[in-house]
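Please read the structure below before turning to the comments.
The values are calculated or read from the model by the stated rules, or taken from the named source; none is laboratory data. Every value quoted in this text rests on a predicted model; they were computed, and no experiment measured them. Here the Cβ positions follow ideal geometry from the backbone for every residue, glycine too, while neighbour counts run over all protein chains shown. Heavy atoms of the whole protein, side chains included, go into the accessibility calculation; ligands, DNA and RNA do not. Shrake-Rupley method; radii C 1.70, N 1.55, O 1.52, S 1.80 Å.
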Amino acid sequence: MAVIKVMDELLANKIAAGEVVERCASVVKELVENSIDAGSTEIKVELEDAGTRQIKVIDNGKGMDKEDAILAFSRHATSKIDDEDDLYRLTTLGFRGEALASIAAVSKVDLKTCMKDIGTHVVINGGKIIETGLGDARKGTTITVSELFYNTPARLKHMKSLYTELASITDYINKLALSQPKIRFTLQNNDNVILKTDGSGNILKVIQSIYGTDVARKMVPIKGENPDYEISGYVSLPEVHRSSRNNMVTIVNGRVVRNMDINRIINDAYHSYKPDNRYPITVINITVDPSVIDVNIHPTKMDIKFSKMDTLLELIKMVVRAAITDRNLIPEVSVRKEKPKREELRFDLERHGNKPIIKEEIEFEEPVIPVNESIYEDENNGNIVHEVVMENDNYKINTKEEEKEFMPEMYPVGLVHGTYIIAQNEKGMYIIDQHAAKERCNYERFKETMGKPNIASTPLLFPITIELSNEEFIILKENMHILENLKFKIEEFGINSVIIKEHPAWLPKGFEEESIRKIIEIVIHTQKDFNIEKFNEKIATMMSCKHAIKANTNITLEEMEALITDLRNCKNPYNCPHGRPTMIYYSNYDLEKLFKRSGFDTIK
Ligand code: ZN
Ligand code: ZN
């Protein structure tokens, strides 16, 4: 009887494993969360072949006694959820109980743990305890999971490529490190260090460890609160953006969550400061009374809903917007030491006989831990200090001071290819894209004019007729008032046609017909949930480009000066309305470095 019972349990664990343990990342997640629950301040994750061969997690937590160590792998060890409220309070990290049993059922587990100077060693293969005995009296727990799915070949086949496995583990540990800056994390794969954090509690330092110094120095601290929420964290300057939303991290009461609305509102806050289809790097910490959260709990998903979502989104948008505007946003072309060699990892999966041999090379984005630069928040005044130690010389950049400064004055010295204005001031050299700059000036002017109640209109000497499809015609007819409000004089003209007799005075000369057609197109395509703000903005963006100086146009120094002055009067002089930069900057220091001049402080 006893044997049958054991068989049943093994089977149940194997089945459960299919649900809980999907891939290497889920094993890492389970083990690391156990380490956090054990109060560890240092957690090291060592992978072999992205975890497919072996996952080892070493912590300095409180450990287990022999009884608990064995019980931990039993299917009913649900001891970790002591308080049902925990589930709703988001105070504990994970879901406990069956995960370890499930992992043990489909792998070989070696557990060394120590509590009160008594070490325990447990070995389990495919869910069966092979060995229990005394172990080292080293503080904490070391758990090694090897040959995952070795006894369930069907699941092994489902495992994604090594690159995908490693990427998702890295992503998980990165985010965990951001949410737990007081824990010292190390992640390595085949002896290559992928992430190392210092456990100092400084989120900016974690950001530096993940993204490198260049990104870290372009992160801006945020802070804000309303009666329900308190938010803090860091957002990247608009010049730093990525193709995926994955670098937008939201942490609620210490736990990483996913929320599409929050990501969307952050991206909105950056509108026209960067291309809309690129995403910033952000870490937003939200502190909230747990009763406001509506948790949709699932062990693998981290979705969360808030009962007062509107006020939260409003707060986030305001705080992010304030952080990225009203500051000097000219991207500095930083000339620094050679980019570190990209790490190349090779994998060889010959061990898994039933799997094809995979050889992959993985490239990481700046996997460096710089030794001679540091960024930290000054405890006394909250300023961000960027410190570079270089050949016995230190220099510091204090981002709080920079913040006060808007686009500085600069003086044009020439034009390259009729496209780029070279300008200078005492700080360095600027390269301005004249089309983008002009576009920005036009855009702000158009937006202002369009918003005014009495726009002048110009009669057309030769009225323009526009033919539409029957469907477009119906839509346009319903939305005629939008055009009339913009001071178009527009009438029906035969079947499915309209005639335009007057247009607003701000239409660019020589582009009237083209612009009118574009505007009508925009009306037809945006009629669902029409929003005058967005509509005006689309029109302004389109017109600003039409009206701007084309590339390869030579302009005089006076014209350049006028353009720079215009640009300095813009609310956002740093980007064209499409989000491209209008200018870049080389500091004197950078120029010195480029030309290998010895002391950067000789030029004043
Ligand atoms: Zn353009
Ligand atoms: Zn543009």
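Residues to consider are K196, K175; find the one that is open to solvent by 10 Å² or more (accessible area, probe 1.4 Å) and touching a Ser or Thr at 6+ places or on another chain (Cβ under 7 Å).
On the way: K175 fails: touching a Ser or Thr at 6+ places or on another chain (Cβ under 7 Å).
Exactly one of K196, K175 is open to solvent by 10 Å² or more (accessible area, probe 1.4 Å) and touching a Ser or Thr at 6+ places or on another chain (Cβ under 7 Å), namely K196.
Kindly indicate the residue of the stretch 398-448 that is modelled with pLDDT under 95 and polar (S, T, N, Q) and also farthest from ligand 1 (Cβ to nearest atom) among those meeting that condition.
Selected residue: N398.
Could you list, in sequence order, all residues of the stretch 495-523 that are modelled with pLDDT of 85 or more and small (G, A, S)?
Across the stretch 495-523, the qualifying residue is only S497.
Residues are listed down the side, and each one gets a yes or a no for (1) of a type in the set (A, V, I, L, M); (2) out of contact with any strand residue (DSSP E or B) (no Cβ under 7 Å at 6 or more places or on another chain); (3) modelled with pLDDT under 85:
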residue	(1), (2), (3)
L47	yes, no, no
R53	no, no, no
G61	no, no, no
D65	no, no, no
A69	yes, no, yes
F73	no, no, yes
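S232 passes all but one of (1) farther than 21 Å from S35 by Cα; (2) part of a loop (DSSP other than H, G, I, E, B); which number fails?
For S232, the exception is condition (2).
Only one of these conditions is not met by L567: (1) at pLDDT below 80; (2) crowded, with 17+ Cβ neighbours inside 10 Å. Which number is it?
(1)
From the list E533, E492, which residue is acidic (D, E), at pLDDT 85 or above and open to solvent by 90 Å² or more (accessible area, probe 1.4 Å)? Break it down stepwise before answering.
On the way: E533 fails: at pLDDT 85 or above.
That would be E492, the only listed residue that is acidic (D, E), at pLDDT 85 or above and open to solvent by 90 Å² or more (accessible area, probe 1.4 Å).
State which residue pairs qualify: first residue open to solvent by 50 Å² or more (accessible area, probe 1.4 Å) and inside the stretch 548-559, second residue within 13 Å of ligand 1 (Cβ to nearest atom) in any location, beta carbons under 6 Å apart, and separation of 6 or more residues or different chains.
A551/T419; A551/H435
Hey, T526 hits all of (1) modelled with pLDDT under 85; (2) within 16 Å of ligand 2 (Cβ to nearest atom); (3) surrounded by fewer than 21 Cβ atoms within 10 Å (Cβ to Cβ) but one; which does it fall short on?
If we test T526 against (1) modelled with pLDDT under 85; (2) within 16 Å of ligand 2 (Cβ to nearest atom); (3) surrounded by fewer than 21 Cβ atoms within 10 Å (Cβ to Cβ), just (2) comes out false.
Tell me whether the stretch 185-194 contains one or more residues that are among the aromatic types (F, W, Y), touching a residue at least 60 places away in the same chain (Cβ under 8 Å) and not in a helix (DSSP H, G or I).
We begin by selecting, within the stretch 185-194, every residue among the aromatic types (F, W, Y); these are 185.
Of the ones still in play, those that are also touching a residue at least 60 places away in the same chain (Cβ under 8 Å) are 185.
Now restrict to residues that are not in a helix (DSSP H, G or I): 185.
Yes, that holds for at least one residue.
Quick one: what pairs do we get from the stretch 129-151, first residue small (G, A, S), second assigned to a loop (DSSP other than H, G, I, E, B), C-beta under 7 Å, 6+ apart or different chains?
Listed pairs, sorted by first residue: A137/D117; G140/S40; G140/N60; G140/G61; G140/G63; S146/R53; S146/S107.
May I ask you to list pairs of residues, at least six apart or on different chains, whose Cβ atoms are under 7 Å apart, with the first in the stretch 495-513 being on the phi > 0 side of the Ramachandran plot and assigned to a loop (DSSP other than H, G, I, E, B) and the second being surrounded by fewer than 15 Cβ atoms within 10 Å (Cβ to Cβ) and not β-branched (V, I, T)?
Within 7 Å, the pairs are N496/E467; N496/S469; N496/N470.
What are the residues in the stretch 572-601 that are under 24 Å from R278 (Cβ atoms) and either assigned to a strand (DSSP E or B) or more than 16 Å from ligand 2 (Cβ to nearest atom) (or both), if any?
Just the residues of the stretch 572-601 that are under 24 Å from R278 (Cβ atoms), to begin with: 572-586.
Passing the criteria: N575, P581, M583, I584, Y585, Y586.
Out of I539, I499, which single residue is buried (at least 16 other Cβ atoms within 10 Å of the Cβ) and either in contact with a helix residue (DSSP H, G or I) (Cβ under 7 Å, 6 or more places away or on another chain) or in the same structural domain as E444 (by TED's automatic domain parsing) (or both)? Working first, answer last.
On the way: I499 fails: buried (at least 16 other Cβ atoms within 10 Å of the Cβ).
After applying the criteria, what remains is I539.
Of all residues being without any contact (Cβ under 8 Å) to a residue 40 or more places away in the chain and part of a strand (DSSP E or B) in the stretch 109-128, which is most open to solvent (accessible area, probe 1.4 Å)? Just the residue, please. Working first, answer last.
Initial filter on the stretch 109-128 (without any contact (Cβ under 8 Å) to a residue 40 or more places away in the chain): 109-110, 112, 117, 119, 121, 123, 125.
Checking which are part of a strand (DSSP E or B) leaves us with 109-110, 112, 119, 121, 123, 125.
On the way: V109: 5, D110: 42, K112: 89, G119: 4, H121: 33, V123: 26, N125: 53 Å².
That would be K112.
Can you tell me which of I524, I455 is in the same structural domain as K571 (by TED's automatic domain parsing), touching a Pro at 6+ places or on another chain (Cβ under 7 Å) and among the β-branched types (V, I, T)?
Working: I524 fails: touching a Pro at 6+ places or on another chain (Cβ under 7 Å).
Selected residue: I455, the only one of I524, I455 that is in the same structural domain as K571 (by TED's automatic domain parsing), touching a Pro at 6+ places or on another chain (Cβ under 7 Å) and among the β-branched types (V, I, T).
From the list K550, K501, K538, pick out the single residue that is within 16 Å of ligand 1 (Cβ to nearest atom), of a type in the set (K, R) and farther than 20 Å from K452 by Cα. If you could, list the steps in order and put the result at the bottom.
On the way: K501 fails: within 16 Å of ligand 1 (Cβ to nearest atom); K538 fails: farther than 20 Å from K452 by Cα.
The unique qualifying residue is K550.
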